[in-house]
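Participant: Supplied in structure tokens, the structure appears directly below.
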Amino acid sequence: MSVTITAADINKLRQTTGAGMLDCRKALTESNGDFEAAIDWLRKQGQKVAAKRSDREAKEGVIIAKTTADNKAGIIVCISCETDFVSKNADFVAFAQSIADAAISNNVKSAEELNEVKIGAQTVADLINDKLAAIGEKIAVSKFERVDADFVASYIHGANRMGVLVGMNQEAAEAGKDVAMQIAAMNPLAIDESAIPAETIAREKDIAIEQIKAEGKPAEMAEKIAVGKVNKFLKDNTLLAQPFVKDNSKSVADYLKSVNADLKLTEFKRVALG
């Protein structure tokens, strides 16, 4: 049974991948309308697809990253809105900051819990509804992340457009900020290879093999080259293996060892506006 490919579908794929209109149409046709499969199809043809990770992105809003006074916990809150005109307004930034402060002072664990927290006599949900009525834009607690660790560092990048939390096994404020800036710049998928799902690695290998075959190379050669491509994917997308942005001669793992041989990363969160 064939699936109807609409202009909206094609445009969505084009916006996500940066591929041409005709290529996007063919990709959706070949994948029977499956969006993720269409992205894989484009990559298998050797196209340079934009690596947009929409699971933690919002269009406009204010992102606040904040830790508790003892640095044992940290939160990232995104208060979303529809336009940058609102998100850049000082009153709206202060409004988002007050919600983040409430999340910290009430030890909030989720967005749902945050909506029920009271600031003064009103809940956060009621305050957001009031702000929506006053501004005329859809407003919400659209993202909420939390990290608990022996030490948590926070970082806000680009005028509240991105927030990062880094959990560590011991206090290391400067290293925490450096690693948070690394995460902001390089957007790793995980701390190390062990945290990358096996299906993700298999998918990357399959795409690499198809790319190499499309270049006319024999299957046995494709397998060997694909291993190298997967290794590069892991180096590019795992935090500890990435070149350290402040000194490309060493990896992030090397940098942490230079600070303290026992210093370990336990978790990180990164939230960015799209």
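The values are calculated or read from the model by the stated rules, or taken from the named source; none is laboratory data. Computed from a predicted model, the values in this text were never measured in an experiment. Cβ coordinates were reconstructed from backbone atoms using ideal geometry, including for glycine residues, and neighbour counts include every protein chain displayed.
Participant: Go through (1) in contact with a helix residue (DSSP H, G or I) (Cβ under 7 Å, 6 or more places away or on another chain); (2) among the acidic types (Asp, Glu); (3) modelled with pLDDT under 90 for Asp192 and report which single condition fails.
Facilitator: The single condition Asp192 does not satisfy is (3).
Participant: Taking the stated definitions as given, is Gln170 in the same structural domain as Cys78 (by TED's automatic domain parsing) and either of a type in the set (S, T, N, Q) or touching a Pro at 6+ places or on another chain (Cβ under 6 Å) (or both)?
Facilitator: Numbers: in the same structural domain as Cys78 (by TED's automatic domain parsing): yes; either of a type in the set (S, T, N, Q) or touching a Pro at 6+ places or on another chain (Cβ under 6 Å) (or both): yes.
So Gln170 fits the description; yes.
Participant: Exactly one condition in (1) part of a helix (DSSP H, G or I); (2) surrounded by 17 or more Cβ atoms within 10 Å (Cβ to Cβ) is not met by Lys257; state its number.
Facilitator: That leaves (2) as the condition not met.
Participant: Exactly one condition in (1) out of contact with any helix residue (DSSP H, G or I) (no Cβ under 6 Å at 6 or more places or on another chain); (2) buried (at least 17 other Cβ atoms within 10 Å of the Cβ) is not met by Val271; state its number.
Facilitator: Condition not satisfied by Val271: (1).
Participant: If you don't mind, another one. For segment 102-135, enumerate the residues that are among the charged types (D, E, K, R) and assigned to a loop (DSSP other than H, G, I, E, B). Break it down stepwise before answering.
Facilitator: First, pick out the residues of segment 102-135 that are among the charged types (D, E, K, R): 109, 112-113, 116, 118, 126, 130-131.
Passing the criteria: only Lys109.
Participant: Residues Gly136, Gly158, Gly163: which one is at pLDDT below 95 and either under 18 Å from the mean Cα position of the chain (by Cα) or aromatic (Phe, Trp, Tyr) (or both)? Write out each step before concluding.
Facilitator: Numbers: Gly136 fails: either under 18 Å from the mean Cα position of the chain (by Cα) or aromatic (Phe, Trp, Tyr) (or both); Gly163 fails: at pLDDT below 95.
None of the others qualify; the one that does is Gly158.
Participant: Output the qualifying pairs, or none if there are none: Cβ atoms under 9 angstrom, residues six or more apart or on different chains, first residue in segment 95-124 and in contact (Cβ under 8 Å) with a residue 40 or more places away in the chain, second residue assigned to a strand (DSSP E or B) and surrounded by fewer than 18 Cβ atoms within 10 Å (Cβ to Cβ).
Facilitator: Ile99/Ile119
Participant: For segment 39-64, name all the residues that are within 21 Å of the chain's Cα centre (by Cα) and modelled with pLDDT of 80 or more. Before the answer, list the steps.
Facilitator: From segment 39-64, those within 21 Å of the chain's Cα centre (by Cα) are 39-40, 43, 48-64; that's our starting set.
Passing the criteria: Ile39, Asp40, Arg43, Lys59, Glu60, Gly61, Val62, Ile63, Ile64.
Participant: From (1) surrounded by 15 or more Cβ atoms within 10 Å (Cβ to Cβ); (2) in contact (Cβ under 8 Å) with a residue 40 or more places away in the chain; (3) within 14 Å of Ala175 (Cα to Cα), pick out the condition that doesn't hold for Ser251.
Facilitator: (2)
Participant: I need every pair where a residue in segment 5-32 that is within 13 Å of Arg43 (Cβ to Cβ) has its Cβ under 8 Å from the Cβ of a residue that is at pLDDT 85 or above and hydroxyl-bearing (Ser, Thr, Tyr), sequence separation at least 6 or different chains.
Facilitator: Cβ pairs passing all conditions: none.
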